[in-house]
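Taking it in order: structure first as structure tokens, then the write-up.
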């Protein structure tokens, strides 16, 4: 029962509430009132953690006795997660073959090639084709999206399978575990916050983050040995990242809130570095990229441009270092960055694995040898971290060699990895979904086109899928209601596993302009001309001729599905000095805009420039207050189809440190990244009847 | 220049936003309808944007934002309550200016923000929209800041609360406690208890009376021996099962007669207390009119009894009587403060949400595989729909601006012929996917109400129950005790819905339809045409009317769309703690 607190305490509670809310109260008075109210810091037991009943499950598999033996079969009650696992209905009881249990996340699943071609299949074939004395079975328990906590759980469960060896191919999803660790420990959180926000010392913040990450990885290795017992052979295969052909996403390129005139300096250096590289001037590119890095070591783009400059000079080792550093800036959590293996994770495993008697296959090193020192890119990767068929072959060859050595077998070399190949359709679908996946995460046209062309090279049949996809993405209706999705789902059973990739976030659909254009161009190489169809559909669905279009809808400005992790406002926030919007218009038709905007914190009046297809069409006075403007774009600037509207925001000359807040975790990000401008309404139309003219 | 006031309720459950323009309610909507998170508590950003758009203004045109609660007083009650989930550090680390800061930052607003107490907002949400210029006011809910029940009076533009019952004594929490004990979720399962009550016998009235002691004037007191909600973990103590001699019902297990008996016993005691307090309020105010709001005012069975058993002549219950409606109250209070005037007219309807045009819907439908027909002639459309209803079909009805509040009133409704014996079971099982005992309500043509229902005044918001006196057998909408929660439909406020009822009457002689909310269990009511389509393809609805368009299930193979939308679509979720009324 609850005991009703004394009504006399109400006065104390009133006083304490008032003091706490006033924000300028005495700690002594507050502490005294806390004491009088009996509020202490006594921790509450987390009852939610108790009561988990051991069911004997291993992921989606439940134990069953068949003919006196325990086998594990898929549990229908866990059907929702079946597609996260391999297409294996039953894990048999252990027999005479050496049992290798493969654990890991989507890389270990062979994401995009699975189920037609997986690391486990390749490894099994290699082991049994090349071992001189033992027979092997590889139990594929890899699971898409698995983080460190889940991996530990799966490992513990998998011991019931009596493995002769456990193989981990994992680590790409561990940033989330790091973030959880920091958010659940106020000491860690305040260290990171102090470095990142209070002191604005990015180097020191990185050191703290890496120190914590290393601690986390070390604890995982220790767990593996402790739980598995002293004798269980364990191999950890360290994943690699698509360094060359996976670059930072739009969300990862948000500009930091740099003190003084740092932002202006950084933007100027970026513009100069881009120009220098366009002109193939590597030295100037290096100088400008270094300026960017000096101003903001947390931003990936400076390192990427620096790497590009070194690539121009064919200095691959230097380029690799900078691309790795660019990749690792995801530690700063600008956005929900895609999975990756961080250097600190790799180094920790390399350093500490032996202590825990864990064997290591260092795939970055394996790939480097395979490429004769060149940097891995789209040859070995389908996207940021998932291997191509060749990537799987190379990685699994190295793993097989290690397994054979650890188990006392000699490798005969009879069956080379390169001889184990997926069929053409599997290749084609993998490249198609690679194109889609890369597009969803903001990769550039070139890489999308590469995968579209590859897909068509492997299978002409994929053209039908591309046509339907182009139709679907140009509809304003959500994909889940589109006729073309129904056709795609029913027309190709191989889509099953990846059908989620055909669905966009709710209310977050984009036109995927680069991907659709890449598909249209690739289809053209296969003799299919979809240009007119796509143009007409875009116009019908999104054109400003007959309707007022809200340019703040994601269709008209988002180029990826990555999402800002800080506070989301009720309006559009520009986190770069230029905001680009897409407008579907007609040649020789004027366009009318209605826009309400402001530049937060701007003390005096400033100007924004509005450009259509790169041509300035207006200059608008702005301030720190919301102002509303009607603009007209002359007919002769518009082109048929997609036009770009660019808002060029004022760049701050001097910035003071961001206001500090003591509590909200998302406030760390809000304080760390600068907002150039905000738009609350932005509509466009060519139809005077739907245009609202301001008085 | 207009006086533009935004009203907000947020950060507990059912957040909502509304806009008053020169005292006229232009728009109001709950955030859950946009976010699709049932009971979404977050700052209503999408609802805010919608309100601005509907009023044709931008942020800089807002004169004031009115917030429905006093965060300082609420904090005081939280500190006093002694919840196990409060520690000194957790309180210290809380940003106590967060409400105003978030409003300013996330709405981009730098004008005045006014804070009004929770029950004052409830009271205003009823009185200022009632159309009365003199009324007594009764608000009853779980808890606001401190108050759980208040008594007040409204006269002209002036509203005053003169007495309150303070936390932890609360009729709302009493009801939620029994709700939890009966195996339903706190804060959302209370309707189910009300629906269960008529099946039972009041065998436990004496035991329920042991839970609450009546007090002087407007006061009453809970016997805390039976309650445990102050600790913040669960609603009832071990003494409650001991009192009833029955273990708490586990969720999703069989509902036994004893559960029905307890539900009706609770209902009886609730009505006793409310009637007595209403009589007291009448004595104090002398008013003929009574205004009610707060979650307990959604107990339409009790409302009817109050009106019958107290001296009040007229009753107005705010249709969004729960916390969402507080947004309306806060805005009205700010309007009164800034203009010195009350509201200009009675709330005649709650069609205050978004609407969607035919061009937009046609574009959507043309992207799908669905076969449809368009009927630009309203008369023809309603004839076609009435015909289908008469054939026993279940209709998804999407027309005009979405309703504000928990009830579907003919804008986002599922409709059916109320005469069919199996219609209730079919809709509960195949369409709504919910418990079999849940009753449905009727919508009746206003002009024909008296012939079929024992009620002598309009009930446009489905907030009163009355006896069914119709010559028709109406099993789908008649509760086990012969009552129904009726909605009267007038031509003025929803002409197309009224025309449909008339067309159905022309065909069948029956001017009544079963009307239930257009959603499935645990999801918010549909807001836009896409959500209506998803609900249509994933349930057993026979026909969907999207404004001028008719989509018949029998003309379409929706199996693939059903598979996609049932299995592949991620549904946002938010669930209030189902075990306890959370105060933190």
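Quick note: the coordinates plus some simple rules give every number you see, no bench work behind them. Quick caveat, the model's predicted, so the values are computed rather than measured. Please note: Cβ atoms are built from the backbone with ideal geometry, for glycine as well, and neighbour counts cover all protein chains shown.
Computed from the C-alpha gyration tensor, the three semi-axes of the ellipsoid equivalent to the range A:297-432 are 28, 21, 15 Å, from longest to shortest. Here the calculated FRET efficiency for residue A:635 and residue A:532, from their Cβ-Cβ distance with R0 = 25 Å, stands at 0.65, rounded to the nearest 0.05. In this simple spin-label model, placing a label point 7 Å from the Cα along the Cα-to-Cβ direction at both residue A:554 and residue A:73 gives a separation of 4.1 nm.
In square nanometres, what is one fourth of the surface area of the convex hull spanned by the alpha carbons of the range A:1-42? Orientation-averaged projected area of the Cα hull: 3.5 nm². Once you reduce the range A:462-503 and the range B:250-281 to the center of their Cα atoms, the two points are 52 Å from each other. Only Cα pairs under 8 Å and 6+ residues apart enter the sum, and on that basis the relative contact order of the range B:210-363 stands at 14 percent. With R₀ set to 60 Å, the beta-carbon distance separating residue B:3 from residue A:525 gives a calculated FRET efficiency near 0.45.
Using the Stokes-Einstein relation with a Kirkwood hydrodynamic radius computed over Cα pairs, the translational diffusion coefficient of chain B at 20 °C and a viscosity of 1.002 mPa s comes to 88 µm²/s. Working from the pairwise distances between different alpha carbons, so that the mean of 1/r is found and then inverted, what is the protein assembly as shown's Kirkwood radius in Å? One decimal place: 33.7 Å for the Kirkwood radius. Averaged over peptide B:554-561, the number of partner chain Cβ atoms lying within 10 Å of each residue's Cβ comes to 2.
Put in line by how crowded their Cβ is, counting other Cβ atoms within 10 Å and starting with the fewest, B:233, B:145 read B:233, B:145.
When the square roots of the Cα gyration tensor eigenvalues are ordered a ≥ b ≥ c, the ratio a/c for the range A:424-537 is under 1.5, which makes its shape rounded.
Computed from the C-beta positions of residue B:133 and residue A:7 and an R0 of 30 Å, the FRET efficiency is 0.20 to the nearest 0.05.
The alpha-carbon atoms of the range B:52-96, seen along their principal axes, cover 47, 18, 15 angstrom, with the largest extent given first.
Cα gyration tensor of the range A:554-690, axes a ≥ b ≥ c as square roots of the eigenvalues: rounded (a/c below 1.5), prolate (a/b > b/c) or oblate? Prolate is the answer for the range A:554-690, as a/c is 1.5 or above and a/b outweighs b/c. Ellipsoid fit via the Cα gyration tensor, the range B:358-568: semi-axes of 27, 19, 15 Å, each the root of five times an eigenvalue, largest first. Look at A:415, A:426, B:296 and count the other Cβ atoms within 10 Å of each Cβ; fewest to most, that gives A:415, A:426, B:296.
Once you put a point 7 Å from the Cα of residue A:135 and another 7 Å from the Cα of residue A:490, both along the Cβ direction, what distance in nm separates them? Result for the modelled spin labels: 4.5 nm. Label sites at residue B:206 and residue A:317, each approximated as a point 7 angstrom past Cα along Cα to Cβ, lie 9.3 nm apart. Counted by neighbouring Cβ atoms within 10 Å, the residues B:251, B:376, B:192 run from fewest to most as B:376, B:251, B:192.
Taking every residue in A:471-484 and counting other chain Cβ atoms within 10 Å of its Cβ, the average works out to 5. Only helices enter this figure: runs of n ≥ 4 DSSP H residues, each worth -39500 (n - 2.57), summed and divided by the residues of chain A, yield -12500 deg cm²/dmol at 222 nm to the nearest 500. Value of Rg to Rh for the range B:165-317, rounded to two decimals, is 0.97; Kirkwood radius and Rg both from alpha-carbon coordinates. Shielding value for A:6-17 is 5, the average number of Cβ atoms from other chains within 10 Å of each residue's Cβ. As a ratio to 2.2 N^0.38 Å, the alpha-carbon radius of gyration for chain A is 1.07. Rounded, prolate or oblate for the range A:504-597? Axes are the square roots of the Cα gyration tensor eigenvalues, ordered a ≥ b ≥ c, and the cut-off for rounded is a/c under 1.5. Cα axes put the range A:504-597 in the oblate bin. Paramagnetic label reach from residue A:198 (point 7 Å along Cα→Cβ; backbone nitrogen cut-off under 19 Å): within the range A:168-184, residues A:182-184.
Starting from a Cα-only point model with no solvent, please compute log10 I(q)/I(0) by Debye for the range B:528-573 at q = 0.21, 0.22, 0.33 1/Å. Here the Debye-derived log intensity ratios amount to -0.70, -0.76, -1.32. Both the radius of gyration and Dmax for the range A:254-332 are 11.8, 36 Å, in that order, over alpha-carbon atoms.
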